[in-house]
Amino acid sequence: MIKTGKIQVAMRSGSIGLLTASAAFLAVLSASAVPLNETSLAFAVPTETEPVLDGRLDEDVWRKAVVFSRFVEYYKPHPKPSPLKSEMRILYTDRALWIGLVHFEPHPEKLKVVGTTRDSVDWTEDMDEIYVDPSGDAIGFTKFAVNSAGVTADMRRVDGSVVLKEWNGTAWRAKTSVGADRWTVEACIPYVDLPKPPEPGGAPWRLCVTRYQWTSGGFVGSESSPKGAYNNTAGFGYLAFLRPDEKPSAELVARTLSGRLAPPWSLWYDGQVLIDTGNGVVAKTEEQCREEERRETERMNEIKRRLAAEFGGEE
């Protein structure tokens, strides 16, 4: 059950992601009086029909996927929404995980390609890194990387002391395509290249997707979960696997994260802020958060005025 205070908030299915240091989020921080652990949650939709692996995402099956679009600035302590616009869609079958990424790009003719052979891809070019942790314990992960030309790389971390840089998946594949205003990644990751398959409706995986862009002349990065970049497993977001005919909702977000993420935490979902400070999940509209920010600003200004009047000095 999601608490909404005195105002009833409509719960709708839609894109899911992260609320960062926007005005609404700052209001939540002020109202809670404690730092909120920002996180993200993506949904994987089941399908019996596998897409054609061609890097285009134009099959009907991709239209059934939930769109994740709340990417944030890369490797920042308090990231804002990224200036790089991207969308992520995730499907799964009984044999593989499918991840589709659309990166909107005003200058596709400037896409930088460095790696030309397997495992030669790195962050100095336009590329993606997909970090997947099926155990969900934020200790190990498998990383799948692909540049805009479709060249791939991979590695695996077992834990903080055991890193298998030479590990190669045997079955996963990725294709890319470049359009007039975007480049697209379509990746198929069979479960034979992962520690275990998903459990529909079961424990969520951990996930973080990073994008590196160089078309502007310098480096710009984005990520699907704050502080999850550069192998920081504790900052990875979550990936929930929907059952057939199950739809995403704020209530499902709360159930998925309950007991897995220590309060206080916050997450942006479909124009709302979901907050848990230890007393259950509360949903607030952005309008409510802005009003809280206004009241908190007035309160702090009044305290400053009183201190100035009492002790002197500048307000």
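The table below gives the values:
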quantity	calculated
Some residue of the range 15-28 being open to solvent by 10 Å² or more (accessible area, probe 1.4 Å), modelled with pLDDT of 95 or more, assigned to a loop (DSSP other than H, G, I, E, B) and among the polar types (S, T, N, Q)	no
Which listed residue is over 16 Å from Ala42 (Cα atoms), at pLDDT 95 or above and not polar (S, T, N, Q), from Pro204, Pro197, Pro264	Pro197
The range 35-48, residues that are farther than 19 Å from Ala171 by Cβ and part of a loop (DSSP other than H, G, I, E, B)	Pro35, Leu36, Thr39, Ser40, Glu48
Unique residue being β-branched (Val, Ile, Thr), open to solvent by less than 20 Å² (accessible area, probe 1.4 Å) and outside any strand (DSSP E or B) when the list is Val52, Val61, Val102	Val61
Test: residue in the range 251-260 that is free of Cβ contacts under 8 Å to residues at least 24 places away in the same chain, buried (at least 17 other Cβ atoms within 10 Å of the Cβ) and part of a helix (DSSP H, G or I)	yes
Scan of the range 182-202 for residues that are touching a helix residue (DSSP H, G or I) at 6+ places or on another chain (Cβ under 9 Å) and more than 19 Å from Asp54 (Cβ to Cβ), ordered by number	Pro197, Pro198
Those strands (runs of 3 or more DSSP E) lying entirely in the range 173-216 with at least 3 residues open to solvent by 20 Å² or more (accessible area, probe 1.4 Å), on the phi > 0 side of the Ramachandran plot and not basic (Lys, Arg)	none
Residues of the range 221-250 satisfying the condition of being open to solvent by 40 Å² or more (accessible area, probe 1.4 Å) and more than 18 Å from Asp133 (Cβ to Cβ)	Arg243, Pro244, Asp245, Glu246, Lys247
Answer residue from the range 148-167, given it is assigned to a strand (DSSP E or B) and among the β-branched types (Val, Ile, Thr) and is nearest to Ala234 (Cα to Cα) among those	Val163
Scope the range 68-87; condition in a loop (DSSP other than H, G, I, E, B), more than 14 Å from Phe104 (Cα to Cα) and either touching an Asp or Glu at 6+ places or on another chain (Cβ under 8 Å) or aromatic (Phe, Trp, Tyr) (or both); matching residues	Tyr74, Tyr75, Pro79, Lys80
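Residues checked against (1) in contact with a strand residue (DSSP E or B) (Cβ under 8 Å, 6 or more places away or on another chain); (2) aromatic (Phe, Trp, Tyr); (3) assigned to a strand (DSSP E or B); (4) open to solvent by less than 20 Å² (accessible area, probe 1.4 Å):
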| site | (1), (2), (3), (4) |
| --- | --- |
| Pro106 | no, no, no, no |
| Glu109 | no, no, no, no |
| Lys112 | no, no, no, no |
| Gly115 | yes, no, no, yes |
| Asp119 | yes, no, no, no |
| Trp123 | yes, yes, no, no |
| Ile130 | yes, no, yes, yes |
| Thr142 | yes, no, yes, yes |
| Val146 | yes, no, yes, yes |
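The values are calculated or read from the model by the stated rules, or taken from the named source; none is laboratory data. A quick note: this is a predicted structure, and the numbers were derived from the prediction, not measured. As a convention, Cβ positions derive from the backbone with ideal geometry for all residues, glycine included, and neighbour counts pool all protein chains shown. SASA here: full protein model, heavy atoms, side chains in, ligands and nucleic acids out. Shrake-Rupley method; radii C 1.70, N 1.55, O 1.52, S 1.80 Å.
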